[in-house]
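Each value in this text was obtained by applying a stated rule to the coordinates, not by laboratory testing. In this text the structure is predicted, and so the values were computed from the model without any measurement. Note that we place each Cβ from the backbone using ideal geometry, even for glycine, and neighbour counts take in every protein chain shown.
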């Protein structure tokens, strides 16, 4: 099953690409740099720009001071709390025969020249994680469509930073992942698998993001293998969770999320886990069991590599 992977440069996404390259017949990887170009003008010029708006200028000064003196002291910047997949989360470690493309700009992946690059790899399926919203022309390139790993349970949380938002909203039970076909909406295509990681005392947003990413890799590998062997089940997502956009998760929300950890949000959940899990397990679609399916997924992946 010829697979093209599309990811962002974020650590979990690079890890996702590296794992799929080891476990599936990946023929190409696209790394999208969606970060807008930064203002490279001098500090004096930037100050002059805000001179006529003293309120904005004062806020900018406060922001600079915050980044310099307060941000480094936040718990999410502590080494022991870091989100780290090792080298596999920093750089692509792919062998010969895997083409790599880097794009620059939000939604640049939909540019015809990049669509042609993907099309020339003749993918059977495209697997994405952290990618831009794909347009219809891009979605139609591969034979079996596009699969997305969404780092949340779509009937509860859609969009970005969904693990963090679940903690912020005091709903650790909603932490999970969804593998679904990509439609033209956001995280609302037909679902192949959903799964939830084990949550333990001492977990925090970064450790949970790592657990979700590792679980999501296994789910995606299994989904691709199921499609290859014509045994997959895709179920319509009837209930759509709240959509969280990138700019909603600002510094204030991020710090409040970590304060929830210090306030015992994980302990509170674990103390009443059975009851709080009931509504989640009842709503799960095609629940994935990592331990039960891991061996079968590995066998299917080996078959995929051998048959190409």
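FRET efficiency for the pair residue 91 and residue 238, taken as 1/(1 + (r/R0)^6) with r the Cβ-Cβ distance and R0 = 41 Å, rounds to 0.55. Sorting the Cα pairs of the stretch 137-188 by distance into bins of 10 Å, from 0 upward, gives 26, 44, 22, 7, 0 percent per bin.
The listed peptides 68-77, 260-269, ordered by packing as a protection proxy, come out as 260-269, 68-77 (highest mean of other Cβ atoms within 10 Å first). Volume per residue of the convex hull around the Cα atoms, evaluated for the chain, comes out as 155 Å³. For the chain, the relative contact order is 21 percent, taking Cα pairs closer than 8 Å that sit 6 or more residues apart in sequence and dividing their mean separation by the residue count. Can you give the relative contact order of the stretch 77-173 as a percent, counting alpha carbon pairs under 8 Å and 6+ residues apart? Across the stretch 77-173, relative contact order equals 19 percent.
Rounded to whole Å, the principal axis extents of the Cα atoms in the stretch 93-210 read 48, 31, 26, largest first. When each of the peptides 116-129, 168-181 is scored by the mean number of other C-beta atoms lying within 10 Å of its residues, the order from highest to lowest reads 168-181, 116-129. At full extension, residue 70 and residue 102 could sit 8.1 nm farther apart than now, given 0.36 nm per residue minus the alpha carbon distance. In whole angstrom, note down how far apart the Cα centers of the stretch 257-284 and the stretch 55-113 are. Centre-to-centre distance over Cα atoms comes out at 29 Å. Note on residue 59 and residue 255: their simple-model spin labels are 1.6 nm apart, each label 7 Å out from Cα toward Cβ. From most to least packed by mean Cβ count within 10 Å, the peptides 83-89, 147-153 give 147-153, 83-89.
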